[in-house]
Amino acid sequence: SQTIHQWPATLVQPVGSPLSLECTVEGTSNPNLYWYRQAAGRGLQLLFYSVGIGQISSEVPQNLSASRPQDRQFILSSKKLLLSDSGFYLCAWSGASRTGKYEQYFGPGTRLTVT
Amino acid sequence: GDSVTQMEGPVTLSEEAFLTINCTYTATGYPSLFWYVQYPGEGLQLLLKATKADDKGSNKGFEATYRKETTSFHLEKGSVQVSDSAVYFCALSDPMEYGNKLVFGAGTILRVKS
């Protein structure tokens, strides 16, 4: 069966510090991968998605970036965190599809607090 | 663009009450529809899905029917439990959109009291 891991689970970082969040998927190959941010425990904002190694699509302009160095690894980064980057970050995967067909499966999330 | 609209919450019910959470959508194609549930401090879990008109998705006593004529996918459960307290998200995936992206509603908080 497939599983998705995220780490760290919680993170407290000062403003201006760098960020690296990691997501890995097991039990599948060539998945689509997604990063979301959730503020105030409610709405989800899609930040980045990837349909293959090295392919990253950005949904919103911001000081975050994403990379996919391996098939089942997705990394969210920032060079300098802002207070507004605080939130709950969720990684998700779906079956390989260029168009809308499959459901997405979510990881446990990372709670980021920027102080 | 595509969008999903959910009823405003929070919804507060007593145990064993009937639940309905309304969800309507707009999409250019024929989307797949989903309900996700999020328990406090956790990621989202897929609750049920429907991929074409008149399909009924069901899981754990919850069900929703894909109504193309009313562009709706309302979530129902006949008898809620305290353990159903969570945030519920309606979402769609549009086959015309590149990347298998999901469009989410704002979420509806459900609180069930014993």
- Residue that is surrounded by the fewest Cβ atoms within 10 Å (Cβ to Cβ) [pool: residues in the stretch B:79-91 that are more than 9 Å from every other protein chain (Cβ to nearest Cβ) and of a type in the set (A, V, I, L, M)]: B:Val82
- Just need a number here: residues in the stretch B:92-114 that are over 14 Å from the mean Cα position of the chain (by Cα) and open to solvent by less than 40 Å² (accessible area, probe 1.4 Å). 5
- Query: If a residue has to be farther than 24 Å from B:Ser3 by Cβ and either open to solvent by 40 Å² or more (accessible area, probe 1.4 Å) or of a type in the set (Phe, Trp, Tyr) (or both) to count, how many in the stretch A:35-67 make the cut?
  - Reply: 7
- Given the structure, is B:Ala64 more than 10 Å from the chain's Cα centre (by Cα) and either open to solvent by less than 40 Å² (accessible area, probe 1.4 Å) or within 14 Å of chain A (Cβ to nearest Cβ) (or both)? no
- Query: Does B:Ala53 satisfy the criteria of being within 18 Å of B:Val11 (Cβ to Cβ), surrounded by fewer than 22 Cβ atoms within 10 Å (Cβ to Cβ) and modelled with pLDDT under 95?
  - Reply: no
- Note on the structure: Checked pairs for the stretch B:92-113, first under 21 Å from B:Ser79 (Cα atoms) and at the interface with chain A (Cβ under 8 Å from one of its Cβ atoms), second aromatic (Phe, Trp, Tyr) and open to solvent by less than 50 Å² (accessible area, probe 1.4 Å), C-beta under 7 Å and 6 or more apart or across chains, list as B:Gly107/B:Tyr88; B:Gly107/B:Phe89
- Task: Select, from A:Ser78, A:Ser17, the only residue that is surrounded by fewer than 19 Cβ atoms within 10 Å (Cβ to Cβ), farther than 30 Å from B:Gly9 by Cα and either touching a strand residue (DSSP E or B) at 6+ places or on another chain (Cβ under 7 Å) or more than 13 Å from chain B (Cβ to nearest Cβ) (or both).
- Result: A:Ser17
- Query: When the stretch B:27-47 is examined, which residues are found to be in contact with an Asp or Glu (Cβ under 7 Å, 6 or more places away or on another chain) and either at pLDDT 95 or above or among the aliphatic types (A, V, I, L, M) (or both)?
  - Reply: B:Ala27, B:Phe34, B:Leu46
- Message: Restricting to the stretch A:24-42, give me the number of residues that are over 14 Å from B:Glu42 (Cα atoms) and outside any strand (DSSP E or B).
- Response: 5
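The values are calculated or read from the model by the stated rules, or taken from the named source; none is laboratory data. Owing to the predicted nature of the structure, the values given are computational and were not obtained by experimental measurement. Every residue, glycine among them, receives a Cβ derived from its backbone with ideal geometry; neighbour counts consider all protein chains shown. We work out accessible area using only protein heavy atoms, side chains counted, and drop any ligands, DNA or RNA first. Shrake-Rupley method; radii C 1.70, N 1.55, O 1.52, S 1.80 Å.
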